[in-house]
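Below is one structure, written out as structure tokens; the observations come after it.
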Amino acid sequence: MVFPEAQPVFSEALKAIRANKTAGVLDLSSFGLDAEDALALGAALRCNTSLRTNLILAHNALGDQGAQAIAEALKVNEILRQVDLCDNQIGEAGMLALAEAMKGSSSLKQLKLDDNQAGPGGARALAAALDGHMDFEELWLSRNEIGQEGAEALGEALKVNSSLGQLFLRQNNIGPKGAAALAEGLKDAGVQAMAEAMKANNCLKQLDMALNKIGSLGIVAIKEAKKINTSLTEVVWQSNSYAGI
């Protein structure tokens with residue numbers, strides 16, 4: 001439920017959206033919005049043609065149901081370019097809905113989903129959406145526990161996507177926990193899939209892989225891929241086992 005102190009602003013925002021009198025950016029972050037509020041917002045967005053740039057809904061509590069409501073609006077809203085849903089308790093079901101919205105949106109270029117609970121299933125769905133969305137530019141998916149499986153799915157998408165310029169995957173446990181030799185080998189498998197994808201992808205400019213428990217074999221694979229990839233200019237590696245890149 002909207003925080004009492006934010007209710008007047010939220011009510012006015014809904015009126016402005018319905019009347020097509022919004023500015024290019026609408027910031028409703030940290031308003032205490034929940035799924036019910038998202039349903040109202042989604043209904044208003046369906047017919048809006050003035051909110052052209054950025055909808056910021058970070059640090060609320062939309063959950064899966066709220067994400068689904070926003071996703072339904074994105075399917076029919078043909079002008080919104082950027083949506084920020086960071087830190088909204090969105091799990092796999094919500095990610096599936098957002099992935100479907102990505103596929104159906106002709107305008108959406110940037111989706112921020114940091115600090116949610118996508119998991120491997122959510123990452124797979126988003127990867128499939130990237131596969132079919134050749135105008136999408138930025139995906140933020142840090143701290144979503146996508147694991148090795150999610151990284152591999154995104155790696156496959158990067159092989160065919162020709163538009164994604166920035167991909168943020170910080171702190172996703174891409175390398176599994178454990179100190180055993182076998183685990184060390186498995187630890188690198190997710191990032192090696194990314195490395196192979198990078199060899200085929202020449203549009204990605206920035207890749208954030210910090211805090212992912214990535215072993216030296218994976219880092220070496222990325223270094224080799226960078227020699228082939230001519231577009232990648234920035235790789236973030238803080239707090240991994242090797243940083244010589």
Treat the range 1-159 as a sphere of radius equal to its Kirkwood radius over Cα pairs and apply Stokes-Einstein at 4 °C in a medium of 1.567 mPa s; give the translational diffusion coefficient in µm²/s, rounded to a whole number. 84
Could you do me a favour and compute the accessible area per residue for the range 28-75, 1.4 Å probe, result in Å²? 35
Say a paramagnetic label sat at a point 7 Å from the Cα of V160, along Cα to Cβ; which residues of the range 84-121 have their backbone N under 19 Å from it? 96, 99-106, 121
Provide the gained length on full extension for the span Q206 to D27, in nm with one decimal, where the gain is 0.36 nm per separating residue minus the Cα-Cα distance. 61.9 nm
Share of carbon and sulfur in the accessible heavy-atom surface of the range 50-134 [1.4 Å probe, %]: 43
Just grab the label-to-label distance for E36 and A93, each label 7 Å out from Cα along the Cβ direction, in nm (one decimal). 1.8
Need one number: nm distance between label points at T233 and S50, each 7 Å from Cα along Cα→Cβ, rounded to one decimal. 3.7
Which entries in the list K15/K205; K21/K205; K112/K213; K21/K159 go over 32 Å, if you measure between the two C-alpha atoms of each? K15/K205; K21/K205; K21/K159
Average silhouette area of the range 81-167, convex hull of alpha-carbon atoms, in square nanometres: 4.5
Roughly how many whole Å is it from the C-alpha centroid of the range 84-131 to that of the range 51-66? 12
For the pair Q7 and I79, how long in nm is the line joining their label points, each one 7 Å along Cα→Cβ? 3.1
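The values are calculated or read from the model by the stated rules, or taken from the named source; none is laboratory data. Computed from a predicted model, the values in this text were never measured in an experiment. Note: ideal-geometry Cβ built from the backbone for every residue, glycine included; neighbour counts use all protein chains shown. Keep in mind that these areas ignore ligands, DNA and RNA; they rest on the heavy atoms of the full protein, side chains included. Shrake-Rupley method; radii C 1.70, N 1.55, O 1.52, S 1.80 Å.
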